[in-house]
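See below for the structure under consideration.
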Amino acid sequence: MLLHVLEKRCSGMKAQAEQKKKELLKKMEVGGLNKDEEEWLDNVGNLVDEFLLMERLKEIAPNNQHIPISASDIKIIKKIKENFARSPSRKEEEISSTPPSPKRKQSAKQKLNLKSDSKSSKKPIRAMMAQKIEVLDWYDKNGKNQTKTAKHFAEIYPEIGFKQPLISAWVADCDWIRQQADTSASNYECVRITKFLQIEEMLDQWVTQALHSRFTITGDMIQAKWQEFASMEKIMSEEWLNLSQGWLTRFKACPGLQSFTKHGEAAQADKKVIAKEGTRVSKLIQGFAGKDIWNMDETGLFYSMPPDRGLAIEKCSGLKASKTQITTAVTTNSNGSEKLPLLIIGKWAKPKAFRKKSRHSLGFDYHFNKRAWMTTEIFHEWIGRFNCEMRSQKLNILLLLDKFLAHSLPEGGLSNIWLEFFSPNLTAHIQPMDARIIRAFKSHYKQRSISKSIQRYDQGTPITNVYNIHQLAAMHLSRLAWQCKSETMIRSCWNHTGIFPGQLTRFDNAKKDRALEKQIDSLQSMGLLHATN
């Protein structure tokens, strides 16, 4: 939250409190106060702590520092935010001043709506490290049942919102959580005070997405990306922060970004750790039929990107690479008998190529946001529909996911889908979608895209535009490429992870690779592709 917003809300609290104090003083002169009113004056109406905290924050804010604050300070900040949110508007005051209308009996549907509204307004808070250790210890000592553990602690800590997937994520990260508990204090939180909160929120999202895509991040990249976002928001360079090493250290230290410094270690993950995670997942899938074990993962697709290699007599420059991207989410079950239609995320609500047609009339599960990324809202909508489909088929399934910010349990839970998360940094080794399924999908897409480029060249399209296709064409090519995935190939890729006993015939991608090479050579012979492209 921006400091000036917090200060404004604090001033609003003061104005409200002063008005109520005047009313209570008048009442005191006439006939005294009741117990609740006296308690209000001593607690809620006493804002000394709030203004002392604001003064401390204002002294630190100009330096753009990150400070540790105690649990009592956090309560004060929450009090300011919540009190401001509860302040009645003028319209509400007018309504409250009118005499109450007689109560009407509510229908069962109205009662359910009221329950769901009140339930969704309560936002779960993040658990402290000590609470995570308490949960993990109880889980180990009481039969290692995740549902039972979630139910037990939901009564003890209702504000956290315990569900089975949360316990699953903690169990998967058990070693890391216990290691962090030994080196960090559990009763402190990091608060980022900055005048460019929107920029750092955009940077947070970019880092999260990059980690999810297993993209290696460096400190220089983070600093450069901050400047890029500042330019996008039209902030003058003279006003930019001094992105020093101290700033970078504080940025990396905040909760939610601690893991990215370790993410690059996935490629060098210890074989014993990989084997341990494989054993854990193998135990989880026991009791589920092959058709009821699913995996979903997202991948970025630069759909107008020219091939990056080719034949040439001598070294020469290639075509400029297009960075136009969509995100596709691929989902299959383990025996290959079913695969869901692609979930596609673009940057625009209605791309020009749609020609005023809706996504439904075009037959795509299409969503959008300005970065073409998976978000919590999109994931919740998708998994909600998937859950309804499983419920209609009377199936209970296991869905394996990598641990990503957007992958979270919807409010109210899921009736027919059990979520399980892979341990961080190991998805590249044991996740089925990473075991050549996504690679094969992209290979098929590239093959079809190159065929289309050859057709465009034969039709007289200029060389500089021969690879440029619109988004709808890319979506059609993606759907065709996904439909080419056979049951045998999908089963083989699942088996490649080693989480199933036995071994199936592995999918040979060499034939597809040879076909792709042949088309690339064809492009080179036309002068459309060079060795450095």
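Modelled spin labels at Q179 and S361, positioned 7 Å past Cα toward Cβ, are 5.5 nm from each other. When the listed pairs K347/K446; K132/K370; K148/K403; K350/K394; K347/K452 are checked against a 26 Å cut-off, the alpha-carbon distance exceeds it for K132/K370; K350/K394. Taken along the Cα-to-beta-carbon direction at a fixed 7 Å, the label points for M236 and K350 span 3.9 nm. Here the Karplus relation 6.51 cos²θ - 1.76 cosθ + 1.60, evaluated at θ = phi - 60°, turns the backbone of segment 351-357 into coupling constants of x, 4, 5, 5, 6, 6, 8 Hz, with x for every Gly and Pro. Taking each residue as 0.36 nm, the span from S244 to D204 lengthens on full extension beyond its C-alpha to C-alpha distance by 12.6 nm.
Highest mean first, the peptides 475-488, 143-156 sorted by other C-beta atoms within 10 Å per residue fall in the order 475-488, 143-156. Rounded to the nearest 0.05, the FRET efficiency derived from the C-beta distance between K21 and Y157 at R0 = 41 Å is 0.70.
Rounded to the nearest 20 debye, the dipole size of segment 129-186 about its Cα centre is 240 debye, using +1 on the Cβ of Lys and Arg and -1 on the Cβ of Asp and Glu. Here segment 409-423 is scanned for amide nitrogen atoms under 14 Å from the site 7 Å beyond the Cα of N396 along Cα-to-Cβ, giving 414-419. A cut-off of 5 Å between modelled amide H atoms, ignoring neighbours fewer than 5 places along the same chain, links F368 with G346.
No lab work stands behind these numbers, since they all come straight from the coordinates. Keep in mind that what you see is a predicted model, and the values were worked out from it rather than measured. Heads up, the Cβs are rebuilt from the backbone with ideal geometry, glycines too, and the neighbour counts pull from every protein chain shown.
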